[in-house]
1. Give a residue-ordered list of calculated ³J(HN,Hα) values for the range 14-21 (Karplus: 6.51 cos²θ - 1.76 cosθ + 1.60, θ = phi - 60°; whole Hz; x for Gly, Pro).
2. Show me, for the range 54-67, the HN-Hα J-couplings you get by feeding each phi into the Karplus relation (A = 6.51, B = -1.76, C = 1.60, θ = phi - 60°), rounded to Hz, glycine and proline as x.
3. Given a 1.4 Å probe and every protein chain left where it sits, what share in percent of the accessible area of the chain is carbon and sulfur?
4. How many times 2.2 N^0.38 Å is the alpha carbon radius of gyration of the chain?
Amino acid sequence: MRTKHSGCPVHRELEQEYPEVAVLRTQCLLMCHICRAVPYAMVNQKRVYAKGIDPCIGLLRKAIEEEITAFFGEL
């Protein structure tokens, strides 16, 4: 599974918490201006975003766990 995000320092924490996840860090994901509006990340081509960084990280963890469950059957 791949997770992309626009540079939030949480990427190392996510890689340690979910070793099956490949976190790809990039400066621009070509989603014009979403990064100026809200914190966001991509989980297998799905946008995950929220009004603040902490809610976004929570939603990101939830999305990652859903993808892991869908792939492996359970977490």
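1. Per-residue couplings from phi come out as 5, 5, 6, 6, 10, x, 7, 9 Hz.
2. Each residue's phi maps through the Karplus curve to give 5, x, 5, 5, x, 5, 5, 4, 4, 5, 4, 5, 5, 5 Hz.
3. Values: 2730 of 5220 Å².
Here carbon and sulfur together make up 52 percent of the probe-accessible area.
4. Details: Rg = 11.8 Å, N = 75, 2.2 N^0.38 = 11.3 Å.
Here the answer is 1.04, to two decimals.
The values are calculated or read from the model by the stated rules, or taken from the named source; none is laboratory data. Keep in mind the model is a prediction, meaning the values are calculated, not measured. The area values use the complete protein model at the heavy-atom level, side chains included, leaving out ligands, DNA and RNA. Shrake-Rupley method; radii C 1.70, N 1.55, O 1.52, S 1.80 Å.
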